[in-house]
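*Asks:* Below are the structure tokens for one structure; questions will follow.
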Amino acid sequence: MHIEVRNLDKHFGQFHAVKDVSFSIEKGHLIGLLGPSGGGKTSILRMLAGLETPDSGDIVFHGQRVNNLPPQEREIGFVFQNYALFKHMTVFENIAFGLKVKKLKKPAIRERVQELVELTGLSGFENRYPHQLSGGQRQRVAFARALAPEPQLLLLDEPFAAIDAKIRQELRTWLRELIERVGITSIFVTHDQDEAIEVADEIMIINGGRVEQKGTPWDIYKQPSTPFVASFIGESTIIEDVNRLKGFENSSQASRALIRPEYIEIGHAGEFRLLSATEKGTVRHLHFRGSQWMVEVEVGASRLITYRSLEKETLEVGQEVHVLVHRAYLFNEEESWIAENALKADNVSMFI
Amino acid sequence: MKRLWITLTWLVFSILILIPLVVLATGAFGEGTSGFIKALARPEALHALKMTGLIVLVVTLLNGLFGIMMGIYLVRATWLSRRLRQLFNSIVDLPYAVSPVIGGLMIVLLLGPDTIVGAFFEQIGFKVVYAFPGMVIATLFVTFPLMVREVMPVLQELGTDQEQAASTLGAYSWRTFWQVTWPSIRWAVIYGTILTVARSLGEFGAVLVVSGNIINKTQTATTLVYQDMENFNVTAANGVALVLAVFSIGLLLLMERAKKRKEVH
Amino acid sequence: MNNTWIRHKGWTWGFRTTVLLYFLILIVLPIAGVYVNSLSDGWSAFVQNIADPIAWKAVLLTLQLALVATVINVAIGTMSAWVLVRYDFPGKSLLNSIVDLPFALPTAVGGLMILVLLGPHSVVGRAASALGLDLVFHQPAIVVAMVFVTFPFVIRAIQPLLEELDTSAEEASYTLGASRALTFFRVILPAMLPGILSGAMLAFSRALAEFGAVVLVAGNIPGRTLTASVYIFGEVESDNEAGAAAVSILLLTLSFLILWLINLVQTRRADT
């Protein structure tokens with residue numbers, strides 16, 4: 001189903017939860033709404049479902065405005081954060097509920113439930129009650145129940161929030177594959193960027209009731225359009241006065257910069273081809289991170305964070321090292337842009 | 001020390017509850033089984049028990065139904081403002097604080113033969129006070145909070161998730177209520193019903209004031225016990241009281257069972 | 001489809017209105033009625049009714065006796081709750097079930113039970129009169145009736161708090177060197193206190209209002225054994241509804257105040 005949302009607005013009492021939100025979603029896409037808690041993600045999802053009424057704006061499914069349709073008539077599947085399974089019904093009855101509402105014949109119901117039970121790997125659990133299932137199994141039931149009536153749109157509210165970290169990983173992959181197989185347009189809400197990056201075709205970053213950016217995970221990472229997005233996605237350090245940093249002296253309009261660990265290279269003098277673009281720093285802390293070292297290095301007044309391969313020579317605290325900042329995400333009050341290290345570029349052109 | 005406390009507790013329960021029960025039972029059979037049967041077989045006793053039964057039936061039906069609805073509205077109604085719900089919520093408890101006699105007096109003041117409303121009903125041949133309707137209204141007043149207060153916490157704990165899930169699966173409110181909400185509040189409703197039955201069975205003060213305690217007309221089981229005592233007819237009073245006590249103990253046992261089921265779900 | 005939607009809305013509206021009207025007419029109207037009725041003849045008429053010595057003495061007596069009953073209930077209720085939660089002994093589940101009996105039993109039956117137990121022909125009654133004590137139709141019997149009727153309140157208010165109280169809090173107190181008595185007064189009692197308070201207030205307000213049990217065991221002598229609710233009943237019987245209403249609103253206002261206090265205590269507790 002093609003979904004279009006125009007100028008959506010919602011207040012809860014004094015609280016302005018959703019501010020003039022517009023977006024559209026292609027049929028068959030899997031979209032992640034990502035952002036901090038209280039940012040309005042869940043409100044948007046619930047308005048799409050018809051569980052919440054927008055103050056103004058349009059929600060259009062398949063070219064038809066659905067604002068006035070109750071949730072019962074929107075042909076959606078909704079997976080709740082705590083699954084909201086019917087406690088007094090078995091797995092079978094839970095999945096069959098939506099089909100019974102549709103007044104399907106008994107054999108048809110049985111067939112469809114069986115199909116979903118197999119699809120979600122719940123065979124043998126049909127007669128269990130929700131309290132007899134593990135968290136992951138409950139999630140699968142919630143998923144099967146939402147899919148059973150063959151909805152046009154699947155909405156998932158923090159689908160993995162209540163699950164152990166270990167199983168979460170496994171379920172993410174499973175969910176992604178399943179949605180691909182079913183081919184249904186899906187939107188899920190999460191506050192976990194790893195989850196969004198891993199599962200979604202496209203991500204919408206929601207903050208303070210607004211859509212900050214919409215795009216593929218790679219685009220958002222590469223070209224964050226607001227400082228919020230830049231700081232929310234990936235790891236980063238904020239530098240207050242970027243003009244003091246070597247290679248960025250001419251960034252006069254910018255006051256601050258955001259630098260990701262992977263933008264930074266550190267090492268001994270011999271490890272750099274363009275020594276002139278580097279500056280000196282002191283190693284302040286070393287954290288062993290399993291597959292690499294996380295290094296805190298002090299450059300002038302700022303402290304930068306980067307990673308260093310275990311294959312390279314191990315650094316020590318207090319050691320003097322060379323630091324090369326490849327690029328930085330610069331911003332001031334009005335705008336933001338990405339800048340490459342100026343010295344690096346100059347030097348390259350000079351050598352050629 | 002522990003022994004002493006346990007003994008003292010047994011003593012309190014025995015003196016306050018167990019021994020009086022035994023004394024009541026032996027008192028009822030003070031003139032043998034025949035005396036007990038004779039006390040119950042009196043036409044006024046049979047009539048009083050019938051009245052009590054009728055009141056219990058009508059009151060439990062009405063307050064059960066309206067109590068459940070009121071409970072649902074107080075927890076769920078988005079069409080009522082929060083303030084209004086809070087206000088109603090505190091008003092629900094008021095009958096607890098009202099002495100039954102005052103409850104009865106209220107009905108007399110409002111619907112008595114000297115009032116406008118009462119006179120109007122009297123004219124169309126419908127007697128309220130000193131008649132069955134008044135007794136029902138008085139008992140309704142006294143027992144109203146019981147069902148509401150049982151249903152509300154369960155609904156609060158249940159939350160709206162399951163109901164919303166049902167609505168996204170295409171179910172409208174009627175089906176959602178019967179298939180999703182009702183199974184969860186069922187035991188609370190049963191518990192509330194038992195409480196309402198017990199309270200309306202035993203209501204005395206309000207009914208005494210409203211009914212005028214007219215023998216073979218508006219006399220209930222509890223007001224008959226009172227009248228028998230006033231007439232120093234101790235055995236008869238004990239007999240009727242024993243029947244009421246047995247009913248109450250039966251209800252108490254049911255309550256225990258309902259409470260356990262209520263906790264499971 | 002549009003048609004069914006409108007019909008559906010109409011039903012909903014009618015249903016809601018019916019329920020709210022039922023509630024307002026049944027509960028709010030009568031209570032408002034008493035206040036309006038007794039104040040409609042002016043303030044002075046109200047004061048006159050209250051100033052009747054029989055009336056104010058009845059209210060005062062009720063307050064005194066209810067207070068005594070509440071104190072007794074706090075003592076035996078706290079003890080019983082403690083024993084029922086903390087100790088295992090034969091008959092524990094039986095006692096736990098019959099705690100609620102005074103709620104389930106018709107109050108008139110409760111009054112009768114006390115009357116038969118303490119009456120002049122009973123063992124207790126004879127022993128007491130041998131000692132020169134009058135029980136039935138005197139103040140002690142009224143207190144016993146009030147204690148009986150309100151017995152479950154304190155126990156049922158404390159029990160959940162005691163069950164919730166983690167024994168590790170107590171154990172922590174012991175490991176810090178506190179004695180049993182100190183632990184009880186500094187750790188356990190504060191945890192029970194909200195329950196004791198709200199239980200006591202509930203018991204007090206119920207004792208103030210009690211009629212059925214009291215009317216059977218009290219002698220109803222003005223100034224000595226005539227309680228407020230029995231006084232109101234008497235006034236209604238003798239067709240002095242204005243007098244009855246005046247004392248009623250005095251008693252009602254008091255009860256509402258207590259109810260409000262209980263709510264306050266409970267929301268406080270819910271906040272912490």
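*Asks:* So, in Å, what gap is there between the alpha-carbon centers of segment A:77-142 and segment A:3-34?
*Replies:* A separation of 29 Å, based on Cα centres.
*Asks:* Need one value for A:78-87: mean number of C-beta atoms belonging to other chains within 10 Å of its residues' C-beta atoms.
*Replies:* Values: counts 5, 2, 5, 1, 3, 3, 10, 3, 9, 6.
If you average over the peptide's residues, the count of other-chain Cβ atoms is 5.
*Asks:* What residues from segment A:34-50 fall in the zone where the backbone N is under 20 Å from a label point 7 Å along the Cα-to-C-beta line of A:ASP192?
*Replies:* A:34-43, A:45
*Asks:* Right, here's the next one. What is the helix-to-structure angle for B:82-92, meaning the angle in degrees between its Cα long axis and the longest Cα principal axis of chain B, kept from 0 to 90 and rounded to the nearest 10?
*Replies:* Roughly 10 degrees between the two axes.
*Asks:* Can you compute the FRET efficiency between C:LEU193 and A:THR282 using 1/(1 + (r/R0)^6), with r the Cβ-Cβ distance and R0 = 56 Å? Round to the nearest 0.05.
*Replies:* Details: r = 59 Å, r/R0 = 1.06.
Computed FRET efficiency for C:LEU193 and A:THR282 comes out at 0.40.
*Asks:* Quick one: Cα centre-to-centre distance for segment C:24-103 and segment B:43-96, in angstrom?
*Replies:* 21
*Asks:* Related question: For chain A, modelled as a Gaussian network with Cα springs under 10 Å, which listed residue fluctuates most, A:VAL321, A:VAL101, A:VAL189?
*Replies:* A:VAL101
*Asks:* If you find the alpha carbon centre of segment C:118-158 and of segment C:186-235, how far apart are they in angstrom?
*Replies:* Comparing the Cα centres of segment C:118-158 and segment C:186-235, I get a distance of 14 Å.
*Asks:* Follow-up. Specify whether the C-alpha gyration tensor of chain C places it in the rounded, prolate or oblate class, a ≥ b ≥ c being the square roots of the eigenvalues: rounded for a/c under 1.5, otherwise prolate if a/b is larger than b/c and oblate if not. Provide the component values of the computation, followed by the final result.
*Replies:* Values: a/c = 1.91, a/b = 1.10, b/c = 1.74.
Oblate, because a/c is 1.5 or more while a/b does not exceed b/c.
*Asks:* Pick out, from C:GLY223, C:ALA203, C:ALA213, the residue whose Cα sits farthest towards the positive end of the charge dipole of segment C:173-240, with +1 on the Cβ of Lys and Arg and -1 on the Cβ of Asp and Glu.
*Replies:* Positive-most Cα among the choices belongs to C:ALA203.
*Asks:* For a label point 7 Å from the Cα of C:ARG86 along Cα→C-beta, name the residues of segment B:1-24 whose backbone N is under 13 Å from it.
*Replies:* B:1-6
*Asks:* In degrees between 0 and 90, to the nearest 10, how far off the longest principal axis of chain B does helix B:100-111 point, with axes built from Cα atoms?
*Replies:* 80
*Asks:* Once you put a point 7 Å from the Cα of B:ILE91 and another 7 Å from the Cα of C:TRP11, both along the Cβ direction, what distance in nm separates them?
*Replies:* 2.7
*Asks:* Note the angle between two axes, namely the Cα long axis of helix B:234-264 and the longest principal axis of the Cα atoms of chain B, as a number of degrees from 0 to 90, rounded to the nearest 10.
*Replies:* With both axes taken from Cα atoms, the answer is about 20 degrees.
*Asks:* May I pose another question? If you take the beta carbon distance between B:ARG76 and A:GLU73 as r and set R0 to 35 Å, what does 1/(1 + (r/R0)^6) give as a FRET efficiency, to the nearest 0.05? Before the final figure, lay out each step's value.
*Replies:* On the way: r = 21 Å, r/R0 = 0.61.
Efficiency for this residue pair is about 0.95.
*Asks:* Would you work out which of A:ALA165, A:THR42, A:GLY135 lies farthest towards the positive end of the dipole of chain A? Charges go on Cβ: Lys and Arg +1, Asp and Glu -1.
*Replies:* A:GLY135
*Asks:* Output the pairs from A:LYS41/A:LYS214; B:LYS259/C:LYS92; A:LYS27/A:LYS105; A:LYS87/B:LYS260; A:LYS27/A:LYS214; A:LYS214/A:LYS344 with a Cα-Cα distance over 20 Å in this structure; if there are none, say none. Present the calculation step by step, with values, prior to reporting the outcome.
*Replies:* Numbers: A:LYS41/A:LYS214 13 Å; B:LYS259/C:LYS92 17 Å; A:LYS27/A:LYS105 30 Å; A:LYS87/B:LYS260 17 Å; A:LYS27/A:LYS214 16 Å; A:LYS214/A:LYS344 32 Å.
With Cα atoms farther than 20 Å apart: A:LYS27/A:LYS105; A:LYS214/A:LYS344.
*Asks:* What's the average, rounded to a whole number, of partner chain beta-carbon atoms within 10 Å of each residue's beta-carbon in B:242-251? Each step should come with its number before you reach the end.
*Replies:* Numbers: counts 2, 1, 5, 8, 0, 4, 9, 5, 1, 3.
For peptide B:242-251, the averaged partner shielding equals 4.
*Asks:* Just tell me how shielded C:92-102 is by partners: mean number of partner chain Cβ atoms within 10 Å of each residue's Cβ, no decimals.
*Replies:* Values: counts 2, 1, 2, 8, 2, 6, 7, 3, 8, 9, 3.
Per residue, the average neighbour count from other chains is 5.
*Asks:* With each pseudo-label sitting 7 Å past Cα toward Cβ, what's the A:ARG273-C:LYS57 distance in nm, one decimal?
*Replies:* Computed distance between label sites A:ARG273 and C:LYS57 equals 11.3 nm.
*Asks:* Calculate the dipole size of chain C relative to its Cα centre from +1 charges on Lys and Arg beta carbons and -1 charges on Asp and Glu beta carbons; express the result in debye to the nearest 20.
*Replies:* Values: 14 positive and 16 negative charges, 90 e Å.
The dipole of chain C has a size of about 440 debye.
*Asks:* Extending each Cα 7 Å along its Cβ direction at A:GLU177 and B:LYS2, get the distance between those two points in nm, one decimal.
*Replies:* The answer from the label model is 5.8 nm.
*Asks:* Report ³J(HN,Hα) in whole Hz for each residue of segment C:117-132, in order, from the Karplus equation J = 6.51 cos²θ - 1.76 cosθ + 1.60 where θ = phi - 60°; Gly and Pro get x.
*Replies:* Values per residue, Gly and Pro as x: 5, 9, x, x, 8, 7, 4, 5, x, 5, 4, 5, 5, 5, 7, x Hz.
*Asks:* Oh, and also: Using a ≥ b ≥ c from the Cα gyration tensor of segment A:3-223 (square roots of the eigenvalues), is it rounded, prolate or oblate, where a/c under 1.5 gives rounded and otherwise the larger of a/b and b/c decides, a/b for prolate? Show your work: numbers first, answer last.
*Replies:* Numbers: a/c = 1.84, a/b = 1.42, b/c = 1.29.
Here segment A:3-223 falls in the prolate category.
*Asks:* Taking only DSSP H segments of four or more residues, each worth -39500 (n - 2.57), what value at 222 nm results for chain A once the sum is divided by all its residues, to the nearest 500 deg cm²/dmol? All intermediate terms of the calculation are to be shown ahead of the outcome.
*Replies:* Numbers: 9 runs with 94 residues, N = 352.
Only helices count here, giving -8000 deg cm²/dmol.
*Asks:* Give the Rg/Rh ratio for segment A:259-310, taking Rg as the radius of gyration of the Cα atoms and Rh as the Kirkwood radius, to two decimals. Don't skip to the answer; put the middle values down first.
*Replies:* Numbers: Rg = 11.0 Å, Rh = 11.6 Å.
Here the Rg-to-Rh quotient is 0.95.
*Asks:* Let me ask you something else. Rounded, prolate or oblate: which one fits chain B, using the alpha carbon gyration tensor with axes a ≥ b ≥ c (rounded when a/c is under 1.5, else prolate when a/b beats b/c, else oblate)?
*Replies:* Values: a/c = 2.22, a/b = 1.31, b/c = 1.69.
The shape class here is oblate.
No lab work stands behind these numbers, since they all come straight from the coordinates. As the structure is a prediction and not an experimental result, all values here were calculated from the model. Here Cβ is always computed from backbone atoms with ideal geometry, including for glycine, and neighbour counts include all displayed protein chains.
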